[in-house]
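Enquirer: I'd like to ask some things about the structure below.
A short reminder: the numbers here are calculations on the coordinates, not readings from a lab. Given the structure is predicted, the values throughout are model-derived calculations rather than measurements. We place every Cβ from the backbone using ideal geometry, glycine too, and count neighbours over all the protein chains shown.
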Amino acid sequence: MSKQIYLNLPVADLSKSLAFFKALGFADNPQFASESGACIVISDSIFVMLCTRERFRDFTPKAICDTSQAVEMLINLCCENREEVDGLVARALAAGGSTYDKAEDLGFMYSHSFVDLDGHGWGLFCMTTAPSEA
């Protein structure tokens, strides 16, 4: 049986965050929609649960990271090709996101990144050949 991944991310403004990810071309799953959360479908096995900060606090006794001051985690997503990488970064920037680096071509791998509206870092990459073949 294949496994699915559900990433839970705290967001300041649920409707703005939902619009941001839809602008990137991702769909939402209305089965998981409520006033305090939404589900973004990245693929058949990867989902991002956008939770209001209040709802997110129900899942953990720890403080929520202030992403303007610290990094909570980096999310890396493997893309089909460099056009998908560049397209996602361009759409993220157009939707109000930011980036802190430039695209990098290592020969066997191409990568770039964006930061969403709530400061979560998304690394995007595609493998052009296996590292041992480079």
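Enquirer: If you fit an axis through the alpha-carbon atoms of helix 14-23 and take the longest principal axis of the Cα set of the chain, what angle between them do you get, 0 to 90°, nearest 10?
Expert: Computed tilt is about 20 degrees.
Enquirer: At what distance in angstrom do the alpha carbon centres of the range 57-72 and the range 107-130 lie from each other?
Expert: 23 Å
Enquirer: Going by the alpha-carbon gyration tensor, a ≥ b ≥ c the square roots of its eigenvalues, is the range 1-64 rounded (a/c under 1.5) or, if a/c is not under 1.5, prolate (a/b greater than b/c) versus oblate?
Expert: Taking the square roots of the gyration eigenvalues as a ≥ b ≥ c, the range 1-64 is oblate.
Enquirer: Additional query: Cα axis of helix 82-94 to longest principal axis of the chain: angle in degrees, 0 to 90, nearest 10?
Expert: The answer is roughly 40 degrees.
Enquirer: Which ordering of Thr60, Thr128 is given by a fewest-first count of other beta-carbon atoms within 10 Å?
Expert: If I rank by nearby Cβ atoms, fewest first, I get Thr60, Thr128.
Enquirer: While we're looking at this one, here's another question. With all distinct Cα pairs included, what does the Kirkwood hydrodynamic radius of the range 32-134 come out to in Å, to one decimal, could you say?
Expert: Hydrodynamic radius (Kirkwood, Cα only) of the range 32-134 equals 15.4 Å.
Enquirer: Nearest 0.05, what FRET efficiency do Tyr100 and Gln31 give at R0 = 35 Å with Cβ-Cβ as r?
Expert: 0.55
Enquirer: Sticking with this one: For Leu77, project a label point 7 Å along Cα to C-beta. Then give me every residue of the range 34-64 with its amide nitrogen under 17 Å of that point.
Expert: Hits in the range 34-64 for Leu77 at 17 Å: 38-51.
Enquirer: May I pose another question? Give me Tyr110, Tyr100, Tyr6 sorted ascending by neighbouring Cβ count inside 10 Å, so fewest comes first.
Expert: Fewest-to-most ranking of Tyr110, Tyr100, Tyr6: Tyr100, Tyr6, Tyr110.
Enquirer: I've got another one for you. Only counting other Cβ atoms within 10 Å, I'd like Val71, Val115 sorted with the fewest neighbours first.
Expert: Details: Val71 10, Val115 16.
In order of increasing Cβ crowding within 10 Å: Val71, Val115.
Enquirer: Suppose we keep just the DSSP beta bridges with both residues in the range 1-64; what percent of those would be antiparallel, to 5?
Expert: Details: 8 of 15 bridges.
Around 55 percent of the beta bridges assigned by DSSP in the range 1-64 are antiparallel ones.
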